Structure formats: C-alpha cells, structure tokens
Amino acid sequence: MSTESIQQHDAPLDQHYDAVIVGAGFAGISSLFHLRKIGLKAIILEASEGVGGTWFNNRYPGARCDIESLDYSLSLSESIQQEWKWPERYSDSRSIQNYLDYTVDELELRENIRLRTTVTDATYDEMKNRWTTTTGDGSNVGSKFLVLATGVLSAAQMPEFPGHDLFTGRILHTASWPKDSVDFTNRRVAVIGTGSSATQLIPLVAEQASQLTVFQRTANFVMPARNGALEAATDQEWKSRYAERRAKARASSNGHNQEPPHGPGKNLSSSERDRELESRWEAGGLNMMRAFTDLLTDTEVNDYASRFVANKIRQTVQDPETAERLIPVDLPIGTKRLCSGTNYYETFNRPNVSLISVAKEPIKGITERGMTVGDTHYELDDIIMATGFDAMTGSFLRIKVVGRNGQTLQDHWEGGPRTNLGLMTDGFPNLFFLSGPQTPSVFSNMATTSEMHAEWLARFLKDLGIANLSTIEPTQNSVDAWVDHVTETASKTLYADSRNSWFWGANTPGKPRVFMPYTGGVENYNSFLSNSVNDNYSGFVRA
Ligand code: N01
C-alpha cells in the first residue's frame, strides 16, 4: 500500500490526556499501542506530515536501513508480521514508512495521532502535577504523563558556512529531503560529509550528475550492504518462527538475529582471522561488527580488522591517491558508526566523481555559484549537506522542557544526559524518554529496543496504579548510579579513546564531550529493565 493512498486523519486536541507522546516513529507508535492497551487516553503529536519518524524525513536517494527487514519491524500484531511482505533484504525508507503507515491503520492508531504538530515547549505544573505541552501554533495540550519519543538521530544539523544565503542553486539536507524526487541530471553537485547518509546517497547521485564532488572531513569505513530481493524461503522460515526470532533478538547484544561472534580474535592465527573477516565482508553490512568478541576492546585485533578493510578499499579504488584518502586514519573500525552501502568505493572510479579532503583545509564558505576551499572555488549547481545530526540529545533539548522549580532540561543536562535506565531524569516527574541517550539505542535494532521501552513503560504505569499515582520520578542516587554505569561500561571499550564521533557529541559545537549511548548490550539492558520490575521499581519515588 502506498503512503499516498492512505488518508491522513488528524486527531483533534483537548486538555485531558493521560499521556502525550511526541513523535510518530517506531518508539512513539509502540508507546501509543501499549498505553492504549492499558486503558490510557493518549495522543501522538508529530511534526511531520506523516508517520514514520526518521523514515518519513530521510528520503534522500539510497536511504535504507542497515538492519534486515524481517528483524527491523514490530511484533505488536501477529497478523501484521505474518501478512506484511518486505520486498528486499534491507528496506529503503519508503518501504519502512509504508509499513508503519499500514501498522498504524491496521491497529487503528491513527485516530490518536496528530500530524503537522511541532512541539516547542513542555512545562510541568507542580501544583496540578500535570504537563502542558505547547505546539508551534501556540496550542496547549494537558496530560499527566509526557513521553518524548523524538529519536536520537532526528535533529538535523546544518553547518553555518559563511555565504549560505548567497547560493543561487539548491541546498539540500539528507534529513529533510523534499517530498518530490530531486533530479541531478546535467548538474554539478557537491556532497558534504561521508557518514552513513552520504555513503548511501553518493553512488546514486553520481549516476545522474554531470560532476559530483565529495567533500570529506573524516574518512569512514563503508561495508558492502549486499542488498537484494528478499527470498521467499527466508520470508517463510522467519514467519514460521517469528516468536523465537524476536526472543533471540532481545537476548542478543544488538537486538537482532545476526550471526553472533564465535569468540575473540586475540588468539587466532592470521589465516583464521582472515577467514572470519572475509566471511563477514561477504555477509555484508554490520556483520563485520560481529567478527570477534574483542573487536571493540582489543586494539591489536581492531587494528588487524581495520587493515583488512583498508586493503579491500585499495583493491577496489583504482586511483591510489584516492584510495588512501578514503582509508580512515586513527579511527579504530566501529568506533564511529560503521556505514553500509552499495557501490560506494566503486563510485570513485567514475570519471565524473572526485574526492576533496577538507580535513586540513576546511570549507571556507559558500558563494553565489559554488563553494570555496582554501584558494580553490568549485562551481556548483547543488550542494547536498549530508552533515548529520545533533545526535542523542538534540531532539529532546530542542524542546524547551521545564521541570520542578522551573529548571530546564537544557540546564539539567548541561554536562551531558542524566537518566535512570535512559528512561527518566530526576527533577522532571512523569516525563519519559524513549530510545534515548544511555540506552542501547544506536547500537541496537531500534525497532526491538523501542518496543522493549514501550512495553516497560506500560508495565511500569500499570504496576504503579495510574489512578492513585500523582507523580513518579527517579531518585538522584539511581540517576547517578546509571550515569556511572554507562560511563564505566564504555570506558572498557575502544570508544573511550576514540572521541571524534557523535557518540561523544564531537560533531556539535558547544556540546559536552560525554559518551551517550549504552554499550552494555541489549540483553544486559533488558535484564536491568526486568530487575527494576522485580525490585518494585526501587530507583523511583512515587507520590
Ligand atoms: O551523519 P554523520 P549521517 N564540514 O554524522 C561531515 C544513522 N543512519 O546522517 O566525521 C565538513 O554520520 C562529518 O564529518 P566528521 C547512523 O546511525 C543510518 O551520515 O564530523 N564535513 C561526517 O562525515 C548514522 O551514523 C542509516 O569529520 C562536515 C558527515 O558530515 C547516523 O544516522 C542511514 C561538516 C556527517 O555524518 C548519522 O548519519 C543514514 C563540516 N562543517 C543514517 N559537518 C542506515 O540505517 C559535518 N560534516 C544505514
């Protein structure tokens, strides 16, 4: 079913919700489903024109998930998971968006979703124990609970290059791509950035543009995705054992069914290591991250794997200088998000594609007809910013959230995010974060972990007894303990010394350098969630 064929009904607003949920992506949709199931009156407020969250907004050519389709889906309804047909092994953004549209309609959730509604402010009233959420048009919505399901990679980041407004061509950002397809035929195009978005988009733009110039500040490791049609046998096998597959995902480190590592690389011979790395390279995508259990903890093993991929780049890219420029330096493989693409390195063999390093000589500015780096001016028709996000906390902090004593979330998290289990923060009663910082989020299958959060939230509120509950919030001690645990867990990995990434907030000017995701794995995190239930939520105080 196409998105266009689905009618968008917008829920009307009133003041008397049990829960306002912000965001209609995987986390928001799962939350609405589970909160409604326990009898809450809930509404989703969504800024975009459609549901889908990141998959609605990231429509750039090549936008595709790097987790396999059958895994990257929700288990809310047995009939949906049986009936829905994924066309490809890895789904593109349009397929995922269509799937979420279908899910929302099948589960009759649309009547509780209000689109085109940007949340600007949310203020807690201590006298009434209620949240007031304010939207872009000045409307106020009242609720007992507020659930921010706004995503960790959704606050797009546009660099402030001097001259930006002078440019007479098109400036596009991958995360706010126009609804209609953009034609690059006979155009001179620049792509700024070489992260996941850029590396998916570059090969497709190169097929159309007369000239494509890629401006690279930091080279990244890009694995071949090895996408293709989803085979009927695979589809059937999964569907006959879906419950088992879902359970396996939750009991894994990353929340999906990928083949786990067989053991450490440390004591393996070179040929044993090569065999494993080759099989992971052939399996494609994020499989490389599962090559060895010590890939992200042992420098020598990581160096070995990094050299293996560097040699693949040298074998693929014909011009030796370009090949060397594409090989990451001082970047242990996996300590920046591994990219997964199709024909990325091959694209640099095309005569219409060139790679400019802006590592030492940054982009000076934008002019009426192009861009300047050092003394060189590049004549351009289009500039594509594939420049990423104010990641992990940006979408939460772009809303002015005011808790107890008039304290803003911006002030409270000035030194970095502070949460208990990534779900709540002290001083902000009845406020929940879904799939946010200090959870496995970006190291996991977000469909799995979003559902885990939504289930926990509904269980939590049901166990506490909503009718007799005024407030619930984490103790400061529980928050301090979780922050320490997240930090300590990361300190045992190679992430600790590789700080030039958005995991550390390094890509956003003025952001504190704090490691934000939880590296302990989905299975362990799941145990923490279960323990909190078994402990009768001891890290939280209720009134
Ligand atoms: O963003 P990024 P993204 N001058 O931050 C460069 C998920 N995702 O949108 O590395 C020059 O990774 C910046 O350079 P540097 C996935 O988790 C998933 O690509 O900061 N360059 C970098 O190269 C991913 O990790 C999927 O030195 C500038 C690039 O822009 C996350 O989203 C697909 C610059 C930004 O890369 C973010 O990916 C897409 C400047 N002033 C995204 N500013 C899949 O499922 C920034 N850069 C496959």
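From the list 470, 444, exactly one residue is touching a residue at least 24 places away in the same chain (Cβ under 8 Å) and closer than 21 Å to residue 131 by Cβ. Which is it?
On the way: 444 fails: closer than 21 Å to residue 131 by Cβ.
Just a single option satisfies the conditions, and that option is 470.
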| remark: By residue number, the members of the stretch 156-187 that are part of a loop (DSSP other than H, G, I, E, B), more than 16 Å from the ligand (Cβ to nearest atom) and modelled with pLDDT of 95 or more are 168, 169, 182, 183, 184, 185, 186, 187
| Could you say which residue among 139, 143, 154, 73 is of a type outside the set (Asp, Glu) and surrounded by fewer than 19 Cβ atoms within 10 Å (Cβ to Cβ)? | 139
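Between 481, 543, which is within 20 Å of residue 409 (Cα to Cα), touching a residue at least 40 places away in the same chain (Cβ under 8 Å) and surrounded by fewer than 17 Cβ atoms within 10 Å (Cβ to Cβ)?
Working: 543 fails: within 20 Å of residue 409 (Cα to Cα).
Exactly one of 481, 543 is within 20 Å of residue 409 (Cα to Cα), touching a residue at least 40 places away in the same chain (Cβ under 8 Å) and surrounded by fewer than 17 Cβ atoms within 10 Å (Cβ to Cβ), namely 481.
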| Of the residues in the stretch 346-356, how many are surrounded by fewer than 20 Cβ atoms within 10 Å (Cβ to Cβ) and hydroxyl-bearing (Ser, Thr, Tyr)? | 1
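For every residue, the table says whether it meets (1) surrounded by fewer than 20 Cβ atoms within 10 Å (Cβ to Cβ); (2) within 16 Å of the ligand (Cβ to nearest atom); (3) polar (S, T, N, Q); (4) touching a residue at least 24 places away in the same chain (Cβ under 8 Å).
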residue: 338; (1), (2), (3), (4): yes, yes, no, yes
residue: 344; (1), (2), (3), (4): no, yes, no, yes
residue: 362; (1), (2), (3), (4): yes, yes, no, yes
residue: 396; (1), (2), (3), (4): no, no, no, yes
residue: 426; (1), (2), (3), (4): no, no, no, yes
residue: 432; (1), (2), (3), (4): no, no, no, yes
residue: 437; (1), (2), (3), (4): no, yes, no, yes
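With the stretch 27-142 as the region, which strands (runs of 3 or more DSSP E) entirely inside it contain at least 3 residues that are of a type in the set (S, T, N, Q) and at pLDDT 95 or above? Show your work before the answer.
Details: elements: 42-45, 119-125, 130-135.
Output list reads 130-135.
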| query | Which condition breaks for residue 108 when tested against (1) surrounded by 17 or more Cβ atoms within 10 Å (Cβ to Cβ); (2) without any contact (Cβ under 8 Å) to a residue 24 or more places away in the chain; (3) at positive phi? | reply | (1)
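Quickly run through the stretch 63-79 and pick out the residues that are within 16 Å of the ligand (Cβ to nearest atom) and either touching a Cys at 6+ places or on another chain (Cβ under 7 Å) or among the hydrophobic types (A, V, I, L, M, F, W, C) (or both).
Let us first name the residues in the stretch 63-79 that are within 16 Å of the ligand (Cβ to nearest atom), namely 63-73.
Correct list: 63, 65, 67, 70, 72.
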| query | Restricting the stretch 313-336 to residues that are in a loop (DSSP other than H, G, I, E, B) and farther than 22 Å from residue 295 by Cβ, which is nearest to the ligand (Cβ to nearest atom)? | reply | 317
| query | When you scan the stretch 378-407, how many residues do you find that are more than 26 Å from residue 28 (Cα to Cα), outside the structural domain of residue 418 (by TED's automatic domain parsing) and not in a strand (DSSP E or B)? | reply | 2
| note | For the stretch 188-224, the count of residues that are more than 8 Å from the ligand (Cβ to nearest atom) and in a loop (DSSP other than H, G, I, E, B) equals 4
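Restricting to the stretch 440-469, count the residues that are of a type in the set (Gly, Ala, Ser), surrounded by fewer than 23 Cβ atoms within 10 Å (Cβ to Cβ) and modelled with pLDDT of 95 or more.
Applying the first criterion (of a type in the set (Gly, Ala, Ser)) to the stretch 440-469 yields 441, 444, 447, 450, 454, 458, 465, 467.
Next, from what is left, pick out any that are surrounded by fewer than 23 Cβ atoms within 10 Å (Cβ to Cβ): 458, 465, 467.
Applying the additional criterion that residues be modelled with pLDDT of 95 or more yields 458.
So the answer is 1.
Looking only at the stretch 364-381, count every residue that is more than 12 Å from the ligand (Cβ to nearest atom) and surrounded by 20 or more Cβ atoms within 10 Å (Cβ to Cβ) and tell me the total. Walk me through how you get there before you give the answer.
Just the residues of the stretch 364-381 that are more than 12 Å from the ligand (Cβ to nearest atom), to begin with: 367-370, 372, 374-381.
With surrounded by 20 or more Cβ atoms within 10 Å (Cβ to Cβ) added as a condition, the list becomes 370, 380.
Selection size over the stretch 364-381: 2.
Of everything in the stretch 344-375, what is hydroxyl-bearing (Ser, Thr, Tyr) and farther than 17 Å from residue 167 by Cβ? Give them in sequence order.
The answer is 344, 345, 347, 354, 357.
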| task | Could you check residue 510 against (1) within 15 Å of the ligand (Cβ to nearest atom); (2) within 20 Å of the chain's Cα centre (by Cα) and say which number it fails? | result | (2)
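A quick yes/no check of all residues on (1) within 30 Å of residue 248 (Cβ to Cβ); (2) surrounded by fewer than 23 Cβ atoms within 10 Å (Cβ to Cβ):
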{"site": "399", "(1), (2)": "no, yes"}
{"site": "406", "(1), (2)": "no, yes"}
{"site": "409", "(1), (2)": "no, no"}
{"site": "421", "(1), (2)": "yes, no"}
| task | For residue 101, state whether it is under 30 Å from residue 365 (Cα atoms) and either under 21 Å from the mean Cα position of the chain (by Cα) or not hydrophobic (A, V, I, L, M, F, W, C) (or both). | result | no
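Conditions (1) more than 22 Å from the chain's Cα centre (by Cα); (2) farther than 25 Å from residue 201 by Cα; (3) not basic (Lys, Arg), marked per residue:
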| site | (1), (2), (3) |
| --- | --- |
| 331 | no, no, yes |
| 359 | yes, no, yes |
| 369 | yes, no, no |
| 373 | yes, no, yes |
| 379 | yes, no, yes |
| 383 | yes, no, yes |
| 420 | no, yes, yes |
| 431 | no, yes, yes |
| request: Could you grab me the full set of residues in the stretch 208-244 that are on the phi < 0 side of the Ramachandran plot and of a type in the set (Lys, Arg)? | output: 217, 239, 241
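Could you check, for the stretch 482-497, whether at least one of its residues is under 24 Å from residue 416 (Cα atoms), within 16 Å of the ligand (Cβ to nearest atom) and touching a Ser or Thr at 6+ places or on another chain (Cβ under 9 Å)?
Of the residues in the stretch 482-497, the ones under 24 Å from residue 416 (Cα atoms) are 482-497.
Still in the list and also within 16 Å of the ligand (Cβ to nearest atom): 495.
Going one step further and asking which of them are touching a Ser or Thr at 6+ places or on another chain (Cβ under 9 Å), we end up with 495.
Yes, some residue in the stretch 482-497 is under 24 Å from residue 416 (Cα atoms), within 16 Å of the ligand (Cβ to nearest atom) and touching a Ser or Thr at 6+ places or on another chain (Cβ under 9 Å).
The values are calculated or read from the model by the stated rules, or taken from the named source; none is laboratory data. Note that the structure is predicted; figures quoted are calculated from it, not measured. Neighbour counts run over all protein chains shown; Cβ positions are idealised from the backbone, glycine included.
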